[in-house]
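Since the structure comes first, as structure tokens, the remarks are kept for the end.
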Amino acid sequence: MSFNNLAEIVDTAALNAQAIEQLSLQHQFNVDESYVIQSESIKRRYERGEKLIGLKMGFTSEAKMKQMDVHDMIWGRLTDSMLINNGGEVAFDQFIHPRAEPEICFLIKNKIDRELTLAEAKNHTEAVAAALEIIDSRYQNFKFSLEDVIADNCSSAGFVIGPWHPHNMPIDNLKMVMEIDNVPVQIGSSSAILGNPWKSLVAATRLAAQYEQEIPEGSYIMAGAATSAVYLKQGQKVKAIVEHLGAVEFSVS
Ligand code: OOG
Ligand code: MG
């Protein structure tokens, strides 16, 4: 089966919210090839009119690597159809088995097309914010190999961004709490993200350059979750509160 066929399988699973068997059980592909499948599946979204609005990093914290038993950093693409307004509502039915996780998001000021140093990355950034990501692996039981999850655009399904703050405020050790229906379900620190979320942005510039994905001006870069992810149920209100960055929330209808 071609990479294009495999891309169609993951894309259709996402479109129909229908879980599929892990691709790697029937097909052999390496990490570079899994990024080809991802890019082909995202092309199908572009053909339906979706626009690239950012990138996401994954497995940038110990908590996430342990929870999913995947131990390499990954990156995926964010399109406009995944963006949820802060305080907005998402329909449970559009997902298979959604989970939420607390993150930090960067707003990119100038186009990036090469690996940046930490200082350069800061200069290319306009603002930082608290964020929540909704992940929804297209694979049965939320189980996958490294190659599977990359091919599936790193489980991307939705994201919400809180109020923006100047890029020069310290974000290396901020308390992060995720609440469901006002009850804390995850508590962590932004330092869980590679010791400092800025390092995740640097890694994003490296990986994007390696895979020839330009990061346009105005892109959102999600740094990866600071804690494990939590399964969502219909009717819930999900909120992340990040010290000095404020709150971000959505509800599931
Ligand atoms: C893969 C996505 C990982 C993160 O923030 O670490 C991720 C998954 O857990 O399904 O988004
Ligand atoms: Mg994430």
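At R0 = 35 Å, how high is the FRET efficiency between E8 and E62 if r is their beta carbon distance? Nearest 0.05 is fine.
My answer for the efficiency is 0.50.
Roughly how many percent of the accessible protein surface of the range 1-122 is carbon and sulfur, given a 1.4 Å probe and a whole-percent answer?
45 percent
Sort L15, L174 from largest to smallest accessible area, using a 1.4 Å probe on the heavy atoms of the protein chains.
L15, L174
In nm, to one decimal, how far is the modelled label at L83 from the one at D32, with both set 7 Å along Cα→Cβ?
3.4 nm
In Å, the Kirkwood hydrodynamic radius of the range 145-220 over pairs of distinct alpha carbons?
It is 15.2 Å.
Below 8 Å, C-alpha to C-alpha, sequence gap of six or more: please give me the relative contact order for the range 131-231 in percent.
Worked out over the range 131-231, it gives 22 percent.
Mind listing the phi-derived Karplus ³J(HN,Hα) values for the range 194-199, rounded to whole Hz, using 6.51, -1.76 and 1.60 with θ = phi - 60°, and x for any glycine or proline?
My calculation for the range 194-199 gives 6, x, 5, x, 4, 5 Hz in order.
Taking 0.36 nm per residue of sequence separation and subtracting the Cα-Cα distance, how much length would be gained by fully extending the chain between D113 and D72, in nm to one decimal?
12.5 nm
Are any of the pairs K66/K175; K199/K237; K51/K109; K43/K233; K64/K109 more than 24 Å apart by Cα-Cα distance, and if so, which?
Too far apart for the 24 Å limit: K199/K237; K43/K233; K64/K109.
Over the chain, calculate the relative contact order: mean separation of alpha carbon pairs under 8 Å at least 6 apart, over the residue count, as a percent.
Computed over the chain, the figure is 29 percent.
May I ask you to evaluate 6.51 cos²θ - 1.76 cosθ + 1.60, the Karplus curve with θ = phi - 60°, for each residue of the range 200-208 and list the ³J(HN,Hα) values in order in whole Hz, giving x for glycine and proline?
Coupling constants for the range 200-208: 5, 5, 4, 4, 4, 5, 5, 5, 4 Hz.
Please identify the trypsin sites (Lys or Arg not before Pro) of the range 124-190 that satisfy two criteria: DSSP loop assignment and at most 15 other Cβ atoms within 10 Å. Which are they?
Sparse-neighbourhood loop trypsin sites (Lys or Arg not before Pro): K143.
Calculate the length of the line joining the C-alpha centroid of the range 36-105 to that of the range 196-213, in whole Å.
16 Å
Solvent-accessible area per residue for the chain at a 1.4 Å probe radius, Å²?
Normalised by residue count, the accessible surface of the chain is 42 Å².
When a/c reaches 1.5 or more, the comparison of a/b and b/c decides; with that in mind, is the range 64-137 rounded, prolate or oblate per its Cα gyration tensor?
It is oblate, given that a/c is not under 1.5 and a/b is not larger than b/c.
Let me spell out the model: positive unit charges on the Cβ of Lys and Arg, negative unit charges on the Cβ of Asp and Glu, origin at the Cα centre of the chain. What dipole size does that give, in debye rounded to 20?
400 debye
Taking square-rooted eigenvalues a ≥ b ≥ c of the alpha carbon gyration tensor, is the chain rounded, prolate or oblate, where a/c under 1.5 means rounded and, failing that, a/b exceeding b/c means prolate?
Verdict is oblate for the chain.
Tabulate in residue order the Karplus-calculated ³J(HN,Hα) for the range 120-133, using 6.51 cos²θ - 1.76 cosθ + 1.60 with θ = phi - 60°, rounded to whole Hz; enter x for Gly and Pro.
Using θ = phi - 60°, the values come out as 5, 4, 5, 5, 8, 10, 8, 7, 10, 8, 6, 8, 10, 10 Hz.
PRE reach from L15 (point 7 Å along Cα→Cβ): which of the range 34-76 fall under 11 Å by backbone N?
44-49
Taking the Cα centre of the range 127-253 as origin and charging only Cβ (+1 Lys, Arg; -1 Asp, Glu), how large is the dipole, in debye to the nearest 20?
300 debye
If I take the Cα coordinates of the range 1-151 and project them onto the principal axes, what are the three extents in Å, biggest first?
45, 35, 35 Å, listed from the longest principal axis down.
The values are calculated or read from the model by the stated rules, or taken from the named source; none is laboratory data. Computed from a predicted structure; not experimentally measured. With ideal geometry, Cβ positions are generated from the backbone for all residues, glycine too; neighbour counts draw on all protein chains shown. Accessible surface is based on the protein model in full, side chains and every heavy atom, while ligands, DNA and RNA are left aside. Shrake-Rupley method; radii C 1.70, N 1.55, O 1.52, S 1.80 Å.
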